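All of the numbers you see were taken from the coordinates with simple rules; none came from a lab. Because the structure is a prediction, the values reported are computed rather than measured. Ideal geometry is used to build each Cβ from the backbone, glycine not excepted, and the neighbour counts take in all protein chains shown.
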Amino acid sequence: MIININLNKRIDDSYNIYIGNLDRLTFDMKVAIVTNKTIAALHLEKLRSLIVAPEIGEAIIEDGEQHKNLATIGAILDRLCDLRLDRKSLLIAFGGGVIGDMTGFCAAIYQRGVSFIQIPTTLLAMVDASAGGKTGVNNDYGKNLIGAFNQPKSVHIDTKWLTSLPRREFNSGAAEIVKMAATLDREFFERLESANLSDERELIAAIAQSIHLKADIVMRDEKESGARAALNYGHTFGHAIEKESGYGAYLHGECVAMGMIMANRLAEALELIREKEAQRIERALERFGLSARYKTPNPEAFYDLLFLDKKTRDNKITFALPRSIGGYSLVSDIPKELVISAIAKGGE
Ligand SMILES: NC(=O)c1ccc[n+]([C@@H]2O[C@H](COP(=O)([O-])OP(=O)(O)OC[C@H]3O[C@@H](n4cnc5c(N)ncnc54)[C@H](O)[C@@H]3O)[C@@H](O)[C@H]2O)c1
Ligand SMILES: [Zn+2]
């Protein structure tokens, strides 16, 4: 016997990303702002003054990637119960990628799902983490291994929050901008080569173009079966750098930038990109203070780390590599010696 449950699902998951001055947000349900202590001290009062809602609660957690785990999720969920949030309530993720990923995950599971919106406060979250619906936490086995796809109801990007962001964090976000431009949009890349992101207008233009590129990819491939993998340029190597150097030694964007350099060496070996073009990408990174190279003590052991990435399927790694500037190739089955040589050369 076969019994079919046909749910006739036609859910509209589409949402808007607003870029510009956030001056008022009005809700007719209870809301809870999820943020961390650092951001709360800097900006929570301001955000609260912009929100109109029947009740505004807060869940404030410790700052840091090391708190992006299930224990913190448990603490946030308890707090939401304390606040008596119901299924109609709304969560507001107010912070960087760590807060966004955890709030989105809580929204997926609190009372089997409530809505959430994103108000990103780091450049990285503005251009990358806040849109696309990947949510979750780390555990002892690796990064982002526990989570859910859960799209926000809206994303509100306002560069006013960035005035307090440390320069190193800002540059880490710029790595993701260069990543997208270098593999998806040659003209944008060329503009970035001379852009001044300290200029408000140029910064907003770069954020908007990055979101366009990410949105376009996510619309084509929400759950990463194809095109979305292009966004992994620098990440397969970058995640191994994060792991080998011990989480926290470098910022995520710094690891991605160092990973992009290894990926470039691999792309050169496969004749996907000319040396001169690879150098242009590396100069673009240098403009954002991202000139460091990562020298692994042991390329063989580093190679093995690549297989721990959750993007590795059936023990096969697919590398997202630049094809010239503004294009990408997804390449699997690359001989081990070539990869190891790129790992070593990327550290020179
Ligand atoms: N979901 C996705 O698609 C996606 C994509 C990329 C990265 N991520 C995740 O995002 C995380 C990294 O995000 P991140 O780089 O934003 O790090 P983060 O959230 O840890 O923020 C970086 C630091 O800046 C502080 N901060 C945030 N806003 C500030 C402000 N306006 N002024 C001063 N300080 C501020 C934070 O408290 C933190 O100390 C990682 O966990 C990564 O896995 C997710
Ligand atoms: Zn990234």
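Tabulated data for the structure shown
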quantity: In region 1-99, the GluC sites (Glu not before Pro) that fall in loop regions by DSSP, at most 13 other Cβ within 10 Å; calculated: 55, 62
quantity: Whole-Å semi-axes of region 217-308's equivalent ellipsoid (Cα gyration tensor); calculated: 20, 18, 14
quantity: Structure-based [θ]222 nm, the chain - -39500 (n - 2.57) summed over DSSP H runs of at least 4, per residue, nearest 500; calculated: -12000 deg cm²/dmol
quantity: Charged-residue dipole, Cβ positions (Lys, Arg, Asp, Glu), region 167-345 about Cα centre, Debye nearest 20; calculated: 100 debye
quantity: Cα lying deepest toward the dipole's positive end in the chain, options 342, 29, 77, charges on Cβ; calculated: 29
quantity: Gaussian network model of the chain, Cα within-10 Å springs - most flexible of 16, 264, 69; calculated: 16
quantity: Choice from 103, 183, 26 with maximal GNM fluctuation in the chain (Cα, 10 Å cutoff); calculated: 26
quantity: Pair residue 337, residue 249: separation of 7 Å Cα→Cβ label points (nm); calculated: 2.9 nm
quantity: Rh (Kirkwood; distinct C-alpha pairs) - region 16-163, Å; calculated: 14.9 Å
quantity: Fewest-first sequence of 332, 89 by Cβ atoms within 10 Å of each Cβ; calculated: 332, 89
quantity: Volume per residue of the C-alpha convex hull in region 167-345, rounded to whole Å³; calculated: 105 Å³
quantity: For region 73-142, size of Cβ-based charge dipole, Lys and Arg +1, Asp and Glu -1, in debye; calculated: 300 debye
quantity: GNM result for the chain, Cα springs below 10 Å: residue of 297, 152, 335 fluctuating most strongly; calculated: 335
quantity: Using alpha-carbon coordinates, inclination of helix 235-244 to the longest axis of the chain, degrees; calculated: 80 degrees
quantity: Theoretical gain in end-to-end length, residue 41 to residue 275 [0.36 nm per residue, Cα-Cα removed]; calculated: 79.6 nm
quantity: Environment charge at residue 79 (Cβ cut-off 15 Å; Lys +1, Arg +1, Asp -1, Glu -1); calculated: -3
quantity: Eligible lysines near residue 37 by straight Cα distance, threshold 27 Å, same-chain separation 8 or greater; calculated: 46, 68, 88, 134, 143, 153, 160, 243
quantity: Highest to lowest packing among 196-209, 27-40, scored as the average C-beta count within 10 Å; calculated: 27-40, 196-209
quantity: Length-normalised contact order of region 167-345 in % [C-alpha pairs under 8 Å, at least 6 apart]; calculated: 29 percent
quantity: Beta bridges by DSSP in the chain, antiparallel share as percent, to the nearest 5; calculated: 30 percent
quantity: Rg over Rh, two decimals, the chain (C-alpha only, Kirkwood Rh); calculated: 0.98
quantity: Overall Cα dimensions of region 136-180 - principal axes, largest extent first, Å; calculated: 33, 27, 23
quantity: Distance in nm between pseudo-label sites at residue 145 and residue 6 (7 Å out along the Cβ direction from Cα); calculated: 4.1 nm
quantity: 14 Å cut-off, amide nitrogen to a point 7 angstrom out along residue 88 Cα→Cβ, residues in region 100-125; calculated: 115
quantity: Residue order, fewest to most beta carbons within 10 Å, for 114, 178; calculated: 114, 178
quantity: Ranked 302, 105, criterion: other C-beta atoms within 10 Å, fewest first; calculated: 302, 105
